[in-house]
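The values are calculated or read from the model by the stated rules, or taken from the named source; none is laboratory data. Keep in mind that what you see is a predicted model, and the values were worked out from it rather than measured. Ideal geometry is used to build each Cβ from the backbone, glycine not excepted, and the neighbour counts take in all protein chains shown. Remember, those area values only see protein heavy atoms, side chains included, never the ligands or the DNA or RNA. Shrake-Rupley method; radii C 1.70, N 1.55, O 1.52, S 1.80 Å.
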Amino acid sequence: MTTTAVNPVLRVAPASPAVAAAHFRASLALYTDVSDVAAALASGGDPGFVLVDSRASEAWDQGHVPGALHLPTARIAERAADLLDPAVPVVTYCWGPGCDGAARAALALAELGYRVKEMLGGFEYWVREGFAYETPRGRERRAADPLTTVVDRGACGC
């Protein structure tokens, strides 16, 4: 009798197409990416959301997305009602993939009744994809990291 070993990828069977579709639909309702945010902000006019940088003041001063609102996670409960319109969706970001600050900010805002998404990649990927950012010295931009940007096709080439 021969035993066939199951590889680590398939040790847990893939979800059914219906379960996978529901999961990914829900994921897209909660997350957006840097390229989509950049495109919406660059389109001119109202993008339909407020971009919130949830990092501390020192991080904000190192650089932030142009047009973002600075609202550190620790201050959301006391300041959100004064700064945000509950009818306008909010997109949060923090440093990058290794930071859960944007998720914590999104949770705090959702618990206050705001519709919210998290910008995957955060400020790190904003800079890595070559988008301009603001500092106390003015606007700056770094060359796009070729591992994050495919010319003319968006960040992931999707």
> Of all residues in the stretch 1-24, which are polar (S, T, N, Q) and either modelled with pLDDT of 95 or more or at positive phi (or both)?
Replying inline: SER16
>> Looking at the stretch 131-150, I want the residues that are closer than 15 Å to ALA68 by Cα and have a partner that is open to solvent by 100 Å² or more (accessible area, probe 1.4 Å) and part of a loop (DSSP other than H, G, I, E, B) with Cβ atoms under 9 Å, at least 6 apart or on another chain. Which pairs are those?
In response: PHE131/ARG141; ALA132/ARG141; TYR133/ARG141; TYR133/ARG142
>> For the stretch 40-72, give me each residue that is surrounded by 13 or more Cβ atoms within 10 Å (Cβ to Cβ), hydrophobic (A, V, I, L, M, F, W, C) and outside any strand (DSSP E or B).
In response: ALA40, LEU41, PHE49, ALA56, ALA59, TRP60, VAL65, ALA68, LEU71
> Can we say ARG11 is open to solvent by 60 Å² or more (accessible area, probe 1.4 Å), more than 24 Å from VAL127 (Cα to Cα) and touching a strand residue (DSSP E or B) at 6+ places or on another chain (Cβ under 9 Å)?
Replying inline: no
> Is the stretch 118-133 home to any residue that is modelled with pLDDT of 95 or more, aliphatic (A, V, I, L, M), open to solvent by 30 Å² or more (accessible area, probe 1.4 Å) and under 21 Å from PHE49 (Cα atoms)?
Replying inline: yes
> Which of the following residues is outside any helix (DSSP H, G or I) and either over 22 Å from ASP46 (Cα atoms) or in contact with a Pro (Cβ under 6 Å, 6 or more places away or on another chain) (or both): GLU118, GLU134, GLU124?
Replying inline: GLU134
> How many of the residues making up the stretch 14-39 are of a type in the set (A, V, I, L, M), open to solvent by 80 Å² or more (accessible area, probe 1.4 Å) and free of Cβ contacts under 8 Å to residues at least 24 places away in the same chain?
Replying inline: 2
> What are the residues in the stretch 102-117 that are within 13 Å of the chain's Cα centre (by Cα) and either open to solvent by 20 Å² or more (accessible area, probe 1.4 Å) or farther than 19 Å from GLY67 by Cβ (or both), if any?
Replying inline: ALA103, ARG104, VAL116, LYS117
> How many of the residues in the stretch 86-113 are in contact (Cβ under 8 Å) with a residue 40 or more places away in the chain and charged (D, E, K, R)?
Replying inline: 1
